[in-house]
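Chemist: Right, I'll just put the structure down here and ask away after.
The values are calculated or read from the model by the stated rules, or taken from the named source; none is laboratory data. These numbers were taken from a predicted model, which means no experiment stands behind them. With ideal geometry, Cβ positions are generated from the backbone for all residues, glycine too; neighbour counts draw on all protein chains shown.
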């Protein structure tokens, strides 16, 4: 569940300004004088851009007044959001015309200590790492004329391979950053959950069946990670070194890191909180995302993210000087994959993904750059930027995915554009995210059959089983109880309990298997010998509706 790429699914008031007729007449640009004058129709005022594709519905009042009023309304809404949902704490920052006009902390960073969130509190930002990583790559390309989004990753990672030799040879950095390689959503995540590092995961991604290359959008943490690692390799560096050299240090993001150890070393850090009931959050887990650092491993403060947003909104400038080539930056935020839109009707706007960022439009027709982040173990974040208004907001929280960051950002954008909310965001977004704390597995909520057959003797199941993807699965027995072990040095363990004959049960754990999860271990018996086992939870990615992929099928050794 690590990280969400496309959480906004077109929920907005429909206020459309069509430029089709103007473009059909061959008009491709407006003069600066024309752009400064609103249209004089009797209907809603239209703010004209430099060309018709930039026209938008005008704000309800002048820009500065609108932003100031929205900022003044933020504290009350943030406090309401935390109280209504139970999320322990949040840090929120707003940038406007190159300045940080709001930067505050709310609630507590750890429910067990009660220590308050402040402006220096470091949060794990999950998939909000992705747009930061795309800026790091854009800077690397700016600095190196030989490096391009269009470079195949095997140019820099010659030992890397995917399941299809053609895709291995042709997949570009751009493909990995726009989630169009065909790697399925969740591919590699389960290896991370059981403790494998980036090297092992990347070496075994050739086992993952692929969807159609460049035809489908498949949000992939480890796909984007591969793209980032390729860029770091082109520089002869680790990803952490590249991130610090190209973004964190130059922008003064002094509290930002890509490593879990550095996050833990911060005295003022927000602990993660899992949702264990309606409005109930508990500090239960610690999430180490080093294996997918480019996709979800960053920890930062709202103030540091604000520095990055100001750079993006300044078209790549830092302190008035070009830092990232604006053409490279523009390509970063161009539409490369279709992520949303309703194929059943003609009125839903289409949403897109650029390189590590969602690209959409607000209800007034303005370009909206955004990304959310989510760890089921206890982090939810969002950053939203509207370049046309030189405006951005970042919301970091220390609770499991709740919809709170998205609700705060949506409310703020509404207040700026319309002076009031268009939808009850604090009711709508939490409902959308409610399932993110659901347990996983084919046996969730089930009881063993009333007429269940007994399992075989415990010794029948003891042994070592192997999978090309997961490696060894070792089953041991003590006093008649079975234990299974996966991962490096067998560090991921679980009890195996009777269910129905040679179908046993186990409780998977990890980011993608939250409390209450339960799944089957289906052992294969041939001529009274156990020859293999399918761990059902690991035989398909935990996204609803995905077919089994065969990766969780283990063959007994010996």
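Chemist: If you scan the stretch 97-141, which residues turn out to be assigned to a strand (DSSP E or B) and either in contact with a helix residue (DSSP H, G or I) (Cβ under 6 Å, 6 or more places away or on another chain) or under 18 Å from residue 306 (Cα atoms) (or both)?
Modeler: 99, 100, 101, 102, 103, 104, 105, 106, 107, 122, 123, 124
Chemist: Ok, one more. Buried (at least 21 other Cβ atoms within 10 Å of the Cβ), touching a strand residue (DSSP E or B) at 6+ places or on another chain (Cβ under 6 Å) and in contact (Cβ under 8 Å) with a residue 60 or more places away in the chain: is that true of residue 535 in this structure?
Modeler: Judged against the criteria, residue 535 is a match.
Chemist: Sticking with this structure for a sec: Could you list all residues from the stretch 508-525 that are at pLDDT below 95 and over 13 Å from residue 441 (Cβ atoms)?
Modeler: 511, the sole residue that qualifies.
Chemist: Tell me which residues, restricted to the stretch 168-182, are closer than 23 Å to residue 354 by Cβ and either within 16 Å of the chain's Cα centre (by Cα) or surrounded by fewer than 19 Cβ atoms within 10 Å (Cβ to Cβ) (or both).
Modeler: 170, 176, 177, 178, 179, 180
Chemist: Does residue 227 count as under 20 Å from the mean Cα position of the chain (by Cα) and closer than 22 Å to residue 148 by Cβ?
Modeler: yes
Chemist: Among 292, 262, which is touching a helix residue (DSSP H, G or I) at 6+ places or on another chain (Cβ under 6 Å) and farther than 19 Å from residue 394 by Cα?
Modeler: Only one candidate passes the filter, namely 292.
Chemist: If you go through the stretch 457-470 one residue at a time, how many are without any contact (Cβ under 8 Å) to a residue 24 or more places away in the chain and within 41 Å of the chain's Cα centre (by Cα)?
Modeler: Result for the stretch 457-470: 1.
Chemist: Just to be sure before I move on: is residue 197 touching a residue at least 40 places away in the same chain (Cβ under 8 Å) and surrounded by fewer than 17 Cβ atoms within 10 Å (Cβ to Cβ) in the structure I sent?
Modeler: So residue 197 passes the test.
Chemist: Kindly indicate the residue of the stretch 357-379 that is assigned to a loop (DSSP other than H, G, I, E, B) and in contact with a helix residue (DSSP H, G or I) (Cβ under 8 Å, 6 or more places away or on another chain) and also surrounded by the fewest Cβ atoms within 10 Å (Cβ to Cβ) among those meeting that condition.
Modeler: Only one residue fits best here, namely 363.
Chemist: If you don't mind, another one. Exactly one condition in (1) more than 24 Å from residue 186 (Cβ to Cβ); (2) free of Cβ contacts under 8 Å to residues at least 24 places away in the same chain is false for residue 312; which is it?
Modeler: Result: residue 312 passes all but (2).
Chemist: Against the condition surrounded by fewer than 22 Cβ atoms within 10 Å (Cβ to Cβ) and in contact (Cβ under 8 Å) with a residue 40 or more places away in the chain, how does residue 185 come out, does it pass?
Modeler: Answer is yes for this residue.
Chemist: Any chance you could count how many residues in the stretch 375-404 are within 16 Å of residue 415 (Cβ to Cβ) and at pLDDT below 95?
Modeler: Qualifying residue count for the region: 0.
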